[in-house]
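In what follows, a structure is listed as structure tokens, so that the remarks can point back to it.
The values are calculated or read from the model by the stated rules, or taken from the named source; none is laboratory data. Everything quoted here is computed from the prediction, not taken from an experiment. Methodologically, a virtual Cβ is constructed for each residue, glycine included, from the backbone with ideal geometry; neighbour enumeration extends over all protein chains shown.
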Amino acid sequence: MVNYWIVGVWAIASVCWAEIIRDFYHVASHYWPPLYKLHAWHHRVFRPNLTPVSETIYKQAHWRHDVPEAATMMVFGLLLWVAAYLWLPEYHWGAAAGCVYTLSFLLSAIARGCGIKGADELTDITHQPGNFLTPPGNWFVNKPYHWKHHFDNQNAYYCGTFTLIDKLMGTALSLKGKTVAVTGASGTLGHLLLKHLHKAGAKVIALTSGNQTITLNIDGENLPMKTITWQIGQEAELAKLLEKVDILVINHGINVQGERTPEAIAKSYEINTFSALRLMELFLLTVRTNENIANKEVWVNTSEAEVIPALSPLYELSKRALGDLVTLRRIDAPCIIRKLILGPFKSNLNPIGIMSPDWVAQQIVNQAKADARNIIVTINPLTFILFPVKEFFVSLYFQIFSRKAISESKAAMTPEKSSVSAKIS
Ligand SMILES: NC(=O)c1ccc[n+]([C@@H]2O[C@H](COP(=O)([O-])OP(=O)(O)OC[C@H]3O[C@@H](n4cnc5c(N)ncnc54)[C@H](OP(=O)(O)O)[C@@H]3O)[C@@H](O)[C@H]2O)c1
């Protein structure tokens with residue numbers, strides 16, 4: 001008797017195989033000059049608003065890239081089918097699913113190449129002009145994600161349907177040329193984050209509450225960074241600067257250790273929670289255009305204290321409050337918001353921290369390039385289980401029992417207008 005589970009597994013595997021071949025064909029198209037000559041047409045054809053520059057180039061782009069890409073997927077799909085036939089003859093029909101799946105792409109690419117009316121709108125959804133309604137997808141390629149391949153960095157964001165290969169290659173986020181501002185810049189982690197972001201090709205801006213110019217030591221050379229001074233409570237003064245920032249890293253923080261006075265409570269919440277929230281909201285107000293939706297991001301350093309005791313009640317309380325507010329806000333935020341969930345590392349704030357801050361900063365950058373929305377760097381294995389479970393259920397609870405303001409949902413339909421109407425002062 002035929003076991004339908006095994007046929008199903010072959011079917012899913014053959015579709016994933018087709019997507020892997022598509023992504024590698026695309027990567028090869030950028031690295032192997034004969035293929036790039038053909039693929040270049042695909043890049044020539046679109047303007048930043050995704051309208052084609054000409055119908056002729058649009059059709060040629062399909063004959064030169066999309067059709068050969070789908071044909072390559074078909075050849076490899078047939079090879080998999082033959083392998084399935086030789087290995088498990090009873091179940092080989094499952095592997096045919098990948099060929100049928102690929103055939104739909106081959107036929108639609110031919111239809112677009114022939115200029116059949118409506119074929120593009122129906123089958124080329126990542127290249128349709130119009131407003132971006134959500135930030136770039138995390139596991140699935142959507143229009144903003146693919147737009148970044150065309151107009152942010154052509155040597156990143158290669159994937160066509162699932163983002164897995166980009167995540168594995170570290171090309172799911174390109175930091176090259178991005179303007180990244182980091183708060184707490186004179187602190188241990190802030191300083192090292194600036195260094196690793198700079199090394200990854202970002203144009204970094206140090207945001208500090210001190211008045212020293214931040215200098216980075218890169219390969220033995222001291223490089224003074226663009227340094228902006230700000231103060232808690234005066235976040236609004238950064239509004240103009242944030243317009244030009246692609247990625248804001250909210251990293252400043254304090255730990256009042258065992259204190260529990262009213263002053264310590266106020267200080268912990270004001271610095272760790274409310275100033276971070278005000279900065280995040282101020283930044284979200286700058287997300288207006290399709291380009292902003294695709295490229296802008298906020299990273300918030302909330303800490304492992306969201307789920308693990310830090311032996312400092314006020315630190316935990318203020319960081320958990322920030323963590324929950326970020327969870328609430330990112331349900332329908334206009335751009336990507338990442339959380340940094342870090343375990344104890346050695347710093348001014350935590351002199352007995354175990355991890356090396358340099359290693360932590362490097363891991364943060366690596367995970368961001370893999371598009372991790374929750375960047376977890378810790379030596380505590382419990383955090384890898386507790387945090388995702390907590391985040392999932394808290395987010396679900398917030399989604400069920402809170403709603404988007406009506407004015408806000410209208411604004412989200414027209415990204416030219418500000419997508420966040422409420423300003424926290
Ligand atoms: N160390 C750990 O074990 C650990 C673990 C998890 C998470 N974290 C988090 O990582 C972040 C960086 O901490 P760190 O360990 O690198 O500590 P750090 O060396 O003490 O750096 C924190 C920085 O925050 C800024 N800051 C402090 N008070 C401020 C104020 N009143 N107004 C504005 N900025 C203020 C300061 O930078 P400027 O003077 O440049 O403004 C300070 O150098 C913090 O959010 C912390 O909670 C740390």
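Numerical summary
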{"read-out": "Only listed residue being buried (at least 23 other Cβ atoms within 10 Å of the Cβ), farther than 23 Å from residue 351 by Cβ and within 13 Å of the ligand (Cβ to nearest atom), chosen from 185, 181, 172", "value": "181"}
{"read-out": "Residue check for residue 226: within 22 Å of residue 336 (Cβ to Cβ) and either away from the ligand (no atom under 11 Å from the Cβ) or in contact (Cβ under 8 Å) with a residue 12 or more places away in the chain (or both)", "value": "no"}
{"read-out": "Among (1) over 30 Å from residue 54 (Cβ atoms); (2) touching a residue at least 40 places away in the same chain (Cβ under 8 Å); (3) charged (D, E, K, R) - the single one residue 152 does not satisfy", "value": "(1)"}
{"read-out": "So residue 301, is it within 26 Å of the chain's Cα centre (by Cα), more than 10 Å from the ligand (Cβ to nearest atom) and under 30 Å from residue 152 (Cα atoms)", "value": "no"}
{"read-out": "Meets criteria (more than 16 Å from the ligand (Cβ to nearest atom) and β-branched (Val, Ile, Thr)) for residue 354", "value": "no"}
{"read-out": "Cross-chain or 6+ apart pairs with Cβ under 8 Å, the range 92-110 first and within 15 Å of residue 62 (Cα to Cα), then among the charged types (D, E, K, R) and surrounded by fewer than 19 Cβ atoms within 10 Å (Cβ to Cβ)", "value": "108/124"}
{"read-out": "Hits in the range 123-144 (condition: aliphatic (A, V, I, L, M) and surrounded by 13 or more Cβ atoms within 10 Å (Cβ to Cβ))", "value": "133, 141"}
{"read-out": "Failed item in (1) within 26 Å of residue 164 (Cα to Cα); (2) surrounded by fewer than 14 Cβ atoms within 10 Å (Cβ to Cβ); (3) within 29 Å of the chain's Cα centre (by Cα), with residue 62 passing the rest", "value": "(2)"}
{"read-out": "Filter result (under 12 Å from the mean Cα position of the chain (by Cα) and surrounded by fewer than 22 Cβ atoms within 10 Å (Cβ to Cβ)) within the range 157-169", "value": "167"}
{"read-out": "Which numbered condition residue 217 fails, given (1) more than 10 Å from the ligand (Cβ to nearest atom); (2) surrounded by fewer than 17 Cβ atoms within 10 Å (Cβ to Cβ); (3) modelled with pLDDT of 95 or more; (4) not aromatic (Phe, Trp, Tyr)", "value": "(3)"}
{"read-out": "Every residue from the range 2-55 that is among the polar types (S, T, N, Q) and within 20 Å of residue 83 (Cα to Cα)", "value": "3, 14"}
{"read-out": "Sole residue being assigned to a loop (DSSP other than H, G, I, E, B) and in contact with a Phe, Trp or Tyr (Cβ under 8 Å, 6 or more places away or on another chain), chosen from 156, 172", "value": "172"}
{"read-out": "Filtered residues of the range 350-367 (kept if of a type in the set (Val, Ile, Thr) and surrounded by 16 or more Cβ atoms within 10 Å (Cβ to Cβ))", "value": "360, 364, 365"}
